[in-house]
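Undergrad: Below is the structure I would like to discuss, written out as structure tokens.
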């Protein structure tokens with residue numbers, strides 16, 4: 001009974017976000033001069049966009065390496081190159097089209113077609129989630145504990161509360177590593193799934209990899225921001241908007257990212273300039289990798305068919 005009530009609350013909250021975010025964004029941008037946005041986009045030098053693309057691809061390389069940690073954890077036989085390609089495709093689809101398309105369904109399809117058991121895929125997926133969010137807790141915790149980002153008076157959350165939350169997040173990230181180092185019981189069974197703690201060096205690698213990836217994402221956002229933007233502040237706002245996008249269950253956090261950045265930074269820059277930066281970020285971090293992932297996926301499917309055809313004839 002409690003589970004069904006909680007599911008109802010989450011469903012209502014999801015619909016509130018789906019309806020509320022576009023409405024709020026509309027009121028923020030209803031008088032926006034889109035010519036200003038276009039002019040700001042045209043002022044981006046090609047070198048800026050090229051460096052931004054390199055930063056985005058570096059982030060995806062780190063993101064994809066989460067599955068290499070999963071390979072070491074599970075011991076499955078796929079080659080590292082195959083693992084990186086699968087992970088890149090899945091993460092690109094995940095970020096753009098939600099976890100059920102990219103992070104879960106597509107990952108199971110690509111791994112199981114290469115003779116990796118579904119139970120092993122589940123362990124890889126779970127470890128990847130832990131890697132991502134343990135890194136998030138560390139980076140976001142440090143940033144929030146430092147009192148960032150500076151919040152306007154209209155945002156009803158105290159700076160002290162944000163600092164306390166940051167400290168708790170850092171402790172949670174460190175606690176994961178300590179649990180992997182000192183826990184005497186290493187395995188549990190939950191709903192027929194065996195859960196085994198990784199070694200402490202692997203846990204450290206998880207936290208470090210996740211932290212590097214989130215930092216690269218913040219670096220890209222800062223890179224396309226107007227000159228003079230403060231990197232820690234931009235990183236902090238990106239971290240807030242990312243978790244808000246997850247809570248809202250809106251693919252790619254569409255509208256959530258824009259609403260939070262405009263709300264927290266419009267006093268420093270014009271809306272048109274901010275929108276241009278956000279569009280550039282989306283093009284580099286979401287659309288470009290998605291296009292590459294589609295081509296990679298078609299290549300992988302063609303290779304899989306080519307390998308199946310000879311065996312079928314035999």
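Here is a yes/no grid of residues against (1) touching a residue at least 60 places away in the same chain (Cβ under 8 Å); (2) touching a helix residue (DSSP H, G or I) at 6+ places or on another chain (Cβ under 7 Å); (3) under 19 Å from residue 37 (Cβ atoms); (4) buried (at least 16 other Cβ atoms within 10 Å of the Cβ):
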| site | (1), (2), (3), (4) |
| --- | --- |
| 225 | no, yes, yes, yes |
| 244 | no, yes, no, yes |
| 254 | no, no, yes, yes |
| 259 | yes, yes, yes, yes |
| 278 | no, yes, yes, yes |
| 288 | yes, yes, no, yes |
| 295 | no, no, no, no |
| 298 | no, no, no, no |
| 302 | no, no, no, no |
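Undergrad: If you take the residues in region 30-56 that are touching a helix residue (DSSP H, G or I) at 6+ places or on another chain (Cβ under 6 Å) and at pLDDT 95 or above, which one is nearest to residue 277 (Cα to Cα)?
TA: Per the criteria, the residue is 52.
Yes/no per residue for (1) at pLDDT 85 or above; (2) part of a helix (DSSP H, G or I):
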| residue | (1), (2) |
| --- | --- |
| 168 | yes, yes |
| 174 | yes, yes |
| 179 | yes, yes |
| 189 | no, no |
| 213 | yes, yes |
| 236 | yes, yes |
| 241 | yes, yes |
| 246 | no, yes |
| 252 | no, yes |
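Undergrad: Go through the residues of region 62-79 one by one and say whether even a single one is in a loop (DSSP other than H, G, I, E, B), over 16 Å from residue 198 (Cβ atoms) and either touching a residue at least 60 places away in the same chain (Cβ under 8 Å) or in contact with a strand residue (DSSP E or B) (Cβ under 9 Å, 6 or more places away or on another chain) (or both).
TA: Kept after step one, since they are in a loop (DSSP other than H, G, I, E, B), are these residues of region 62-79: 75-79.
Still in the running and over 16 Å from residue 198 (Cβ atoms): 77-79.
Subset that is either touching a residue at least 60 places away in the same chain (Cβ under 8 Å) or in contact with a strand residue (DSSP E or B) (Cβ under 9 Å, 6 or more places away or on another chain) (or both): none.
No, every residue in region 62-79 fails to be in a loop (DSSP other than H, G, I, E, B), over 16 Å from residue 198 (Cβ atoms) and either touching a residue at least 60 places away in the same chain (Cβ under 8 Å) or in contact with a strand residue (DSSP E or B) (Cβ under 9 Å, 6 or more places away or on another chain) (or both).
Undergrad: Before we move on, is residue 273 touching a residue at least 24 places away in the same chain (Cβ under 8 Å), more than 21 Å from the chain's Cα centre (by Cα) and under 30 Å from residue 50 (Cα atoms)?
TA: Here the answer is yes, as residue 273 does meet what is asked.
Undergrad: Any residue that is in contact with a helix residue (DSSP H, G or I) (Cβ under 7 Å, 6 or more places away or on another chain), more than 27 Å from residue 254 (Cβ to Cβ) and part of a helix (DSSP H, G or I) - is there at least one of those in region 96-116?
TA: For region 96-116, residues in contact with a helix residue (DSSP H, G or I) (Cβ under 7 Å, 6 or more places away or on another chain), more than 27 Å from residue 254 (Cβ to Cβ) and part of a helix (DSSP H, G or I): present.
Undergrad: Considering each of 114, 107, 163 in turn, give the residue that is modelled with pLDDT under 95, within 26 Å of residue 229 (Cβ to Cβ) and surrounded by 14 or more Cβ atoms within 10 Å (Cβ to Cβ). Lay out the reasoning, then the answer.
TA: Working: 114 fails: within 26 Å of residue 229 (Cβ to Cβ); 107 fails: within 26 Å of residue 229 (Cβ to Cβ).
Step by step, each of 114, 107, 163 is checked, and only 163 is modelled with pLDDT under 95, within 26 Å of residue 229 (Cβ to Cβ) and surrounded by 14 or more Cβ atoms within 10 Å (Cβ to Cβ).
Undergrad: Scan region 296-314 and tell me whether some residue there is within 30 Å of residue 173 (Cβ to Cβ) and not in a loop (DSSP other than H, G, I, E, B).
TA: No, because not a single residue in region 296-314 is within 30 Å of residue 173 (Cβ to Cβ) and not in a loop (DSSP other than H, G, I, E, B).
The values are calculated or read from the model by the stated rules, or taken from the named source; none is laboratory data. The shown structure was predicted, so the numbers you read here are calculated from the model rather than taken from an experiment. Glycine gets a Cβ as well: all are built from the backbone with ideal geometry, and neighbour counts include every protein chain shown.
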